[in-house]
Amino acid sequence: MKGMENMNEVRVRINKISLWDFKNVSHGTINFNAEQLLRDEKSHIMGLYGQNASGKTVLVEALGVLRQVMSGNELPPYLLNYIAHGKNGYSMEVEFVLIDDSCNFSGTARYGFTVARHTDPNESNEKPKIIVKISNEKLHAGWIKNGKLTKMQKAIETNEICELKMDAKKKRELFGCGPLASKELEEQRILTLNTSRSFIFASQTSNIMDKNLDESENIFSLIISVIINRLKVYAIRSLYVIEEQAGKKDNFYMVINAGTENKLPWGIPDLLNKVVSMPQKYANDIKRLLPSVNQVLSCIAPGFSLKCDAEKSSLDKDDDYHNVELFSYRKDVGNLPIKNESVGIKKIVSFITLFSEAYNNPGFTLVIDELDASIFEYLLGDLLDIFMNHGKGQLLFTSHNLRPLEKLQDCFVWFTTIDPDNRYKQLSKKAKATNNLRNMYLRAIHLEYEDGKLYNGTSKYELARSLRKAGELI
C-alpha cells in the first residue's frame, strides 16, 4: 500500500499494563499516559515505590516475560514459577502507542496473553514433561492514517489451545482462505503450542500473512502486519529489562549497540568480573564505545574512566579471538581491574549505555529493578531530574530510595498497596497536603491512605519485642 512500505521508523512506547495472578499480584493496572509525550518526543518516567514483597519487582519480571513473548522466543520453564499459588496461569495485557510522522500514521495496539502449564505430548505418559504454554492471545488495534480514523477493533485472537477465534472475513483478509493457508495455520498452531512460543509473534505466522498480502493486498491486513512487525522489532531492539537478580549474582553485562537499527543490543557476560575471550570485532566495538561511556562516567564520578586491554588469545594467525579486560582509571590511583571495583560502580557501568540510549531515543524503553541499589541518592535524584526534563525515551524503574520523590512530578510515580486485587495506586489529588511527594507518601503511610493501604507494618514496640525473643532462641 502506497505510503506504508517505508514504515520503518515507527516509534513505540508502553502506555498501560495490567496483570492477573502474577506471583503476589492478583490484579494490578498501571496507566502510564505516555502517548502525548511520545508525540512530542519527550521523556516518560514511571517510578514504582512500596514496601518489600508488595509487587514492585513483579512488574519488572512481567515486562521481562513480555519482551520474550513478543520477540518470538521460546519461553523457558522457570517462567511457570511466576504463576500465583493455586492458579492455573497468569495473564497480562499491555497497551502500546505507535507513531510514525513520516508516514502520517499513529496507532494504539493492545496485546494480551496467558502463560500456563502444558504437558508435552511427545513425552511418555509415565513422566510427562511440563512446558510453558502461551494461549488466549488477543491483539486489538486502532489507528489514524492520513487523517482517517479506524476505531479500535479485534485483529487476532486465539483460545486455550491456540486455535484462531476470528470472524471469517478478518481471517480471510489476514491469512487467506485456501486449503494451503488452513493447513499452514494448523501446523503453526501445533508448533507454537508445543514449543512455548507466541502464535501472533511467530515468524511463521508473519510469513503466512505476507504471502496473503502478496496475493490480495488490503489496508487492514497491511497495517496489522506492520503493527505486529514493529512490536516485535521494538521488543528485540528497543525494550531492555534489567532485573535485580542479575546484580545479586554479581553478573553484570557490558551492553553494546543498544537500540541501533542494524545491530541487536547484546551484552558480554562477566566482562566486569573477569577477563573474557571474544572475537576481535567485539573487542573493537568495546573500544569504540568507551569514549562515549567515559564522557558520562567522568560527570558521574569525576576523575573516573574506563580503559580496555585486548590481547590475542593465541599465536595462531587464523585465530581472531582476543582476551579482553576492563580497567578503571583514576589519576591518583592509576589502573585497577574493574573486577575489584565496588558493586555501585559496576552497576553504573553496566547500564550507562542503556540509560544514554533511553535519554536520546524517543522509541527506547529501559526497565530497571531497584535503580537505587548501590547508587548515591543525590546522584540518583540528579539523573532522574535530568532525564525527566531533557530526555526523550521511556524509563520505568523500582526503588526504595525516596529522594527521587522530591524530583519527579507526581504523575510519574506509582505506589504498591497491600491489596493483591488492587496492587498499584497513585496518590489522589484530594490527598495532597503538601507539594512534596515524599512527604505525601510518608503521610499516607501513617494515616493509612483511604484509597488503598500502602504499608502493612507493625509497631516499633512489637518489632523490638520480636527481635528480643529471637535473640533468646539463638
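The values are calculated or read from the model by the stated rules, or taken from the named source; none is laboratory data. Only a predicted model underlies this, so the values are computations on that prediction, with no experimental measurement involved. With ideal geometry, Cβ positions are generated from the backbone for all residues, glycine too; neighbour counts draw on all protein chains shown. Keep in mind that these areas ignore ligands, DNA and RNA; they rest on the heavy atoms of the full protein, side chains included. Shrake-Rupley method; radii C 1.70, N 1.55, O 1.52, S 1.80 Å.
Here is the figure for the range 109-137: residues that are over 17 Å from PHE22 (Cβ atoms) and either touching a Phe, Trp or Tyr at 6+ places or on another chain (Cβ under 7 Å) or modelled with pLDDT under 95 (or both) total 15.
Residue-wise test of (1) crowded, with 21+ Cβ neighbours inside 10 Å; (2) hydroxyl-bearing (Ser, Thr, Tyr); (3) part of a helix (DSSP H, G or I).
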| residue | (1), (2), (3) |
| --- | --- |
| ASP210 | no, no, yes |
| SER221 | yes, yes, yes |
| ILE224 | yes, no, yes |
| ARG230 | yes, no, yes |
| TYR234 | yes, yes, yes |
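Please pick out the residue among LEU379, LEU354, LEU427, LEU326 that is surrounded by fewer than 17 Cβ atoms within 10 Å (Cβ to Cβ), over 30 Å from LYS87 (Cα atoms) and of a type in the set (A, V, I, L, M, F, W, C). So the residue among LEU379, LEU354, LEU427, LEU326 that is surrounded by fewer than 17 Cβ atoms within 10 Å (Cβ to Cβ), over 30 Å from LYS87 (Cα atoms) and of a type in the set (A, V, I, L, M, F, W, C) is LEU379.
Can LEU315 be described as surrounded by fewer than 12 Cβ atoms within 10 Å (Cβ to Cβ), of a type in the set (A, V, I, L, M) and in a loop (DSSP other than H, G, I, E, B)?
Details: surrounded by fewer than 12 Cβ atoms within 10 Å (Cβ to Cβ): yes; of a type in the set (A, V, I, L, M): yes; in a loop (DSSP other than H, G, I, E, B): yes.
Criteria met by LEU315.
All conditions in (1) open to solvent by 80 Å² or more (accessible area, probe 1.4 Å); (2) at pLDDT 90 or above; (3) part of a helix (DSSP H, G or I); (4) not hydrophobic (A, V, I, L, M, F, W, C) hold for GLU160, with the sole exception of (3).
Among the residues examined, LYS317 does not qualify as touching a Phe, Trp or Tyr at 6+ places or on another chain (Cβ under 8 Å), charged (D, E, K, R) and free of Cβ contacts under 8 Å to residues at least 60 places away in the same chain. Residues considered: GLU95, GLU74, GLU61, GLU41. Of these, the only one that is part of a loop (DSSP other than H, G, I, E, B), of a type in the set (Asp, Glu) and within 29 Å of VAL132 (Cα to Cα) is GLU74.
If you scan the range 378-393, which residues turn out to be over 17 Å from LEU354 (Cα atoms) and touching a helix residue (DSSP H, G or I) at 6+ places or on another chain (Cβ under 6 Å)? Scanning the range 378-393 gives a single hit, GLY381.
For the range 329-351, filtering for residues that are outside any strand (DSSP E or B), over 19 Å from GLU244 (Cβ atoms), open to solvent by 20 Å² or more (accessible area, probe 1.4 Å) and in contact (Cβ under 8 Å) with a residue 24 or more places away in the chain leaves 3. Scanning the range 49-79 for residues that are among the hydrophobic types (A, V, I, L, M, F, W, C) and open to solvent by less than 20 Å² (accessible area, probe 1.4 Å) yields VAL58, LEU59, VAL60, ALA62, LEU63, VAL65, LEU66, VAL69, MET70, LEU75, LEU79. The requirement of being closer than 22 Å to HIS400 by Cα, β-branched (Val, Ile, Thr) and modelled with pLDDT under 95 is not satisfied by THR29. State whether the residues of the range 278-292 include one that is open to solvent by 50 Å² or more (accessible area, probe 1.4 Å), without any contact (Cβ under 8 Å) to a residue 60 or more places away in the chain, touching a Ser or Thr at 6+ places or on another chain (Cβ under 9 Å) and at negative phi. No; the residues of the range 278-292 include none that is open to solvent by 50 Å² or more (accessible area, probe 1.4 Å), without any contact (Cβ under 8 Å) to a residue 60 or more places away in the chain, touching a Ser or Thr at 6+ places or on another chain (Cβ under 9 Å) and at negative phi.
Do we find that LEU326 is within 12 Å of LEU271 (Cα to Cα), in a strand (DSSP E or B) and at pLDDT 85 or above in this structure? Taking the combined requirement at face value, the residue satisfies it.
As a summary of the residue check, GLU370 satisfies the conditions (1) touching a residue at least 60 places away in the same chain (Cβ under 8 Å); (2) open to solvent by less than 30 Å² (accessible area, probe 1.4 Å) except for the one numbered (2).
One residue stands out among those in the range 293-307 that are crowded, with 16+ Cβ neighbours inside 10 Å and assigned to a strand (DSSP E or B): the one that is modelled with the lowest pLDDT, which is PHE304.
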